[in-house]
């Protein structure tokens, strides 16, 4: 089988430039792992076969990159065996030591010029293992994590036999060709027009930075989080249902309201990543398909119900026009105040199937904190059991730890107040 080449997509070129000119490599900010807890008697041969089945099935997992900038190429290599680095956890088991080893792995960069994947498995006990498929973000995204987690279980149960999985309608190169055609043919002109109107005069939200905060490309990431228990989460879902909006819109409105508290600004714009999977052929594709979208609120000081409805309008508009790559819009469309458009970000982690059983094992998908964010100020809301866990990732050289903890605590308080409005 020969090497296949194609131009990198707009999103891949952006990540490449961020990795070379913006990110501090030792933070592993472009690692996008599939991290699993495996409970039960593990068959190492079956797990190795399952991992290699994924690599054979998905071209992205054997795609490397050459060149630079607009000349960046993605090169799909023939399927070669990928080894699993088997490691024993400290004995007796010491959770802090295992967490330190995991953190070190997640923060170690992946050289996509050589391989986009690194596989490690820790044996905690005879019936407890932690598997890390560490991938570079240029070949995967959050949606892809769910695809890989589900298929890993199926392949483990069948010894890596690909015939048990449905045929792949699209590989990532098929998506890349389709995206180039959409852009070059003018098929996205209507969506482009929407964004030009929606973002006319927009101003990026600017959380207050530390005095003397520098302009270095990147810095160490801090993490602050709160937990919203099941009863609060149910109440937020009730608010969404009563207003006929999505939970995403309710959570986004809380972010706008908290940013208004922090900045005093009423007209606020933040970035978000949308899955960009409207084509049925793309649902099972592994790769970086996500597009950045800008979400704008012109009345961040509004009554909660009005703010939630306004956030919903912004989210629905962004979803309907998510195929237009933001990077191809005029570079000065948004007033960023010297920041990047993706410096202030909001995301909601979709709720995939976090647990499953296959081949006598229980699989649990883990969401790690021990990895740097490639954004300067990112609020991500993830499911936690039957509740929610809002997590703030922030640059510690730009934002004070105490202030960041207060910000995320205030966000949680605002969401609780929404349930009583």
Review point. In units of 2.2 N^0.38 Å, what is the alpha-carbon radius of gyration of region 118-225?
Key: 1.68
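If packing is taken as the mean number of other Cβ atoms within 10 Å per residue, what is the order of 243-252, 359-368, highest first? Let's see the in-between values first.
Values: 243-252: 20.5, 359-368: 17.0.
Per-residue Cβ counts within 10 Å, averaged per peptide and sorted highest first, yield 243-252, 359-368.
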Point to revise | Spacing of the two label points (7 Å from each Cα toward its C-beta) at residue 409 and residue 234, in nm | key: 2.8 nm
Check your understanding: Taking the Cβ-Cβ separation of residue 397 and residue 261 as r and a Förster radius of 22 Å, what is the calculated FRET efficiency to the nearest 0.05?
Key -> 0.45
Practice item. Give the relative contact order (percent, whole number) for region 131-289; include only Cα pairs under 8 Å separated by 6+ residues. Key: 51 percent
Exercise for review: Based on other C-beta atoms within 10 Å, arrange 122, 86 from fewest to most.
Suggested key: 86, 122
Practice item. Would you calculate the volume per residue, in Å³, of the smallest convex hull containing every Cα atom of region 4-173? Key: 111 Å³
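Any chance you could list the semi-axes, whole Å, largest first, of the equivalent ellipsoid that the Cα gyration tensor gives for region 309-357, using √(5λ)?
Working: eigenvalues 157, 47, 32 Å².
After scaling each eigenvalue by five and taking roots: 28, 15, 13 Å.
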Practice item. Would you work out the relative contact order for the chain, in percent, from Cα pairs under 8 angstrom that are 6 or more residues apart? Key: 23 percent
**Study point:** Antiparallel DSSP beta bridges within the chain, percent to nearest 5
**Key:** 80 percent
Check your understanding: When every alpha-carbon pair in region 135-198 is counted, what percent end up more than 13 Å apart?
Key -> 76 percent
Check your understanding: P(r) for region 175-261: what percent of alpha-carbon pairs falls in each 5 Å bin, starting at zero?
Key -> 3, 9, 10, 12, 13, 14, 16, 15, 8, 1
Study note, to complete from the structure: Counting all Cα-Cα pairs in region 241-286, those more than 16 Å apart amount in percent to 58 percent
Exercise for review: Please compute P(r) over all alpha-carbon pairs of region 337-421, binned at 10 Å starting from zero, and give each bin as a whole-number percent.
Suggested key: 13, 39, 29, 14, 4, 0
Exercise for review: Pull out the extension gain between residue 194 and residue 39, defined as 0.36 nm times the separation in residues minus the alpha carbon to alpha carbon distance; nm, one decimal.
Suggested key: 50.9 nm
Review point. Per 20 Å bin, what percent of the C-alpha pairs of the chain does each bin hold, from zero upward?
Key: 25, 58, 16, 0
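Values quoted throughout were computed directly from the atomic coordinates according to the rules given, and no laboratory measurement underlies them. Predicted, not measured: the structure shown is a model, and the values here were computed from it. Here the Cβ is made from the backbone with ideal geometry for all residues, glycine too, and neighbour counts use every protein chain on show.
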